[in-house]
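Below you'll find the structure, written out as structure tokens, and then a few comments.
Computed from the coordinates by the stated procedures, all read-outs in this text should not be read as laboratory data. Just so it is clear, the structure is predicted and the values come from calculations on it, not from any experiment.
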Amino acid sequence: MQYPSIFSTTVNPLFLCMTRWVRLGLAGICLAGLSVAAQAQTDEDTARKAAQELRMLVTEGTGVIGDLQPAINSGKTTKDQVAPDALVEQFKARYQKAAGAALDIKAPGLIGDTRRAYLQAFTAVVTRFQANLTKGGQDAFVPAFFRAQSLNDFNKSMQGKLQAYATNRDGELINGDWAVSKVMKGSPLAGEVTKLMATGDLEPVVKRSGSTVMGYYPMKLAAACVACHAQNGLKQKEGAFGGALVAQVPVK
Ligand code: HEC
């Protein structure tokens, strides 16, 4: 590759003349700048909208895997049915129905970033777990597992601009990895979420907490959730609190 002459003749010799410490220092400033940019804080109104958007994306995305549970658990999925393209189409259709508008991934700002990162995470996870999806079997690919994997990918690509967590109360965990203390380790909202979950209240709470906007969205247990969790030794009641989705957005 041919670099413009300014690089090879002017900048490069200068760079080479610098002491190692100066170069390290410059790299440090660069990295600090990047992390500030990544944490670029948004206004409260946008943060609330982004939290709500996150909720819609995660609910509809996870719903695609929820819809497939009977087929997955009985090992009756077909390759075409669970191909990444087919599942992405299902996700877009569910989103459009819930939002009343097509998923616009070209939207600017935090909302657009949230949509792009979620769509990318959704696609990556259903691609990565094709074997579980096609082979199937009881609990071969449950919604919560899909959600945890996709939020992990999502959080990485959002780099702190919006972080999302799914968790449940300590006494009602099937997989201890999804405990608040693990999933929200280091989050300023961990204590508040623990308290909110303890109430078992089903009303969402969207509010500012310090320099963060929190979107707390409880999940309500349906009959299918309770039946499947019972097979994993959990005693729950239909209509009761069954975990929470949390969005965390740093604000100005
Ligand atoms: C086909 C079985 C199945 C269905 C249906 C199901 N779950 Fe689960 N759920 C599981 C399993 C298995 C886990 C543990 C996942 C893991 O190991 O990652 C889990 C985990 C969870 C978790 C994470 C905390 C934990 O206990 O590990 C939440 C929250 C949750 N489920 C909520 C729900 C809700 C709400 C529904 C219904 C809308 C539902 N689940 C439907 C099997 C199911």
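What to note about this one:
- Mean separation of Cα contacts under 8 Å (6+ apart) over length of the range 64-134, as relative contact order %: 40
- Under Karplus coefficients 6.51, -1.76 and 1.60, residue-wise ³J(HN,Hα) of the range 246-252 in Hz, glycine/proline x: 10, 10, 10, 10, x, 10, 5
- Candidate cross-link partners of residue 185 among the aspartates and glutamates, defined by an alpha-carbon separation under 20 Å and a same-chain spacing of 8 or more, comprise 153, 170, 172, 177.
- Scaled against 2.2 N^0.38 Å for its residue count N, the alpha carbon radius of gyration of the range 43-250 is 0.99.
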